[in-house]
């Protein structure tokens, strides 16, 4: 990294004389336009009510899952150590490591991911639709 910086400083004029790659510049401009359009289309103020509800549900499910795992850790998981035996401690079933409360937390986490994916899919479809019109 130091060598590259030194060469960039000592041979700046030569580097500046190298022409830019036009296809790369076009792709960068297109990418910037897509990013700008995505931010514009997903700004909170312009989102439809249904999408706002989906995002709120995703947030509440994720926050609830995180709080459950952090605050009620002992209720979510069975005590298990590296030296513990699945056969002895968990009745031979590794899924017994997670209790019912833990399963609820994991379910909330998965529901949150689902809602977020619904939002991402909606945003992508919306972006493709609007971008194709430009």
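Numbers at a glance
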| quantity | calculated |
| --- | --- |
| Condition broken by residue 125, with the remaining ones in (1) without any contact (Cβ under 8 Å) to a residue 12 or more places away in the chain; (2) over 24 Å from the mean Cα position of the chain (by Cα) satisfied | (2) |
| So residue 77, is it in contact (Cβ under 8 Å) with a residue 12 or more places away in the chain, under 30 Å from residue 127 (Cβ atoms) and surrounded by 13 or more Cβ atoms within 10 Å (Cβ to Cβ) | no |
| Residue in the range 114-127 that is surrounded by 14 or more Cβ atoms within 10 Å (Cβ to Cβ), touching a helix residue (DSSP H, G or I) at 6+ places or on another chain (Cβ under 8 Å) and outside any helix (DSSP H, G or I) present | no |
| Which numbered condition residue 28 fails, given (1) without any contact (Cβ under 8 Å) to a residue 60 or more places away in the chain; (2) out of contact with any strand residue (DSSP E or B) (no Cβ under 8 Å at 6 or more places or on another chain); (3) farther than 25 Å from residue 133 by Cβ | (3) |
| Per-region count, the range 67-91, residues in contact with a helix residue (DSSP H, G or I) (Cβ under 6 Å, 6 or more places away or on another chain), over 30 Å from residue 119 (Cα atoms) and not in a loop (DSSP other than H, G, I, E, B) | 3 |
| Selection from the range 10-66 of residues that are surrounded by fewer than 12 Cβ atoms within 10 Å (Cβ to Cβ), at pLDDT 95 or above and either outside any helix (DSSP H, G or I) or in contact with a helix residue (DSSP H, G or I) (Cβ under 6 Å, 6 or more places away or on another chain) (or both) | 43, 48 |
| Matching option when the condition is free of Cβ contacts under 8 Å to residues at least 60 places away in the same chain and closer than 29 Å to residue 117 by Cα, among 12, 43, 17 | 43 |
| Pick from the range 97-113, criterion over 23 Å from the mean Cα position of the chain (by Cα) and in a helix (DSSP H, G or I), ranking: surrounded by the fewest Cβ atoms within 10 Å (Cβ to Cβ) | 100 |
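The values are calculated or read from the model by the stated rules, or taken from the named source; none is laboratory data. The shown structure was predicted, so the numbers you read here are calculated from the model rather than taken from an experiment. Methodologically, a virtual Cβ is constructed for each residue, glycine included, from the backbone with ideal geometry; neighbour enumeration extends over all protein chains shown.
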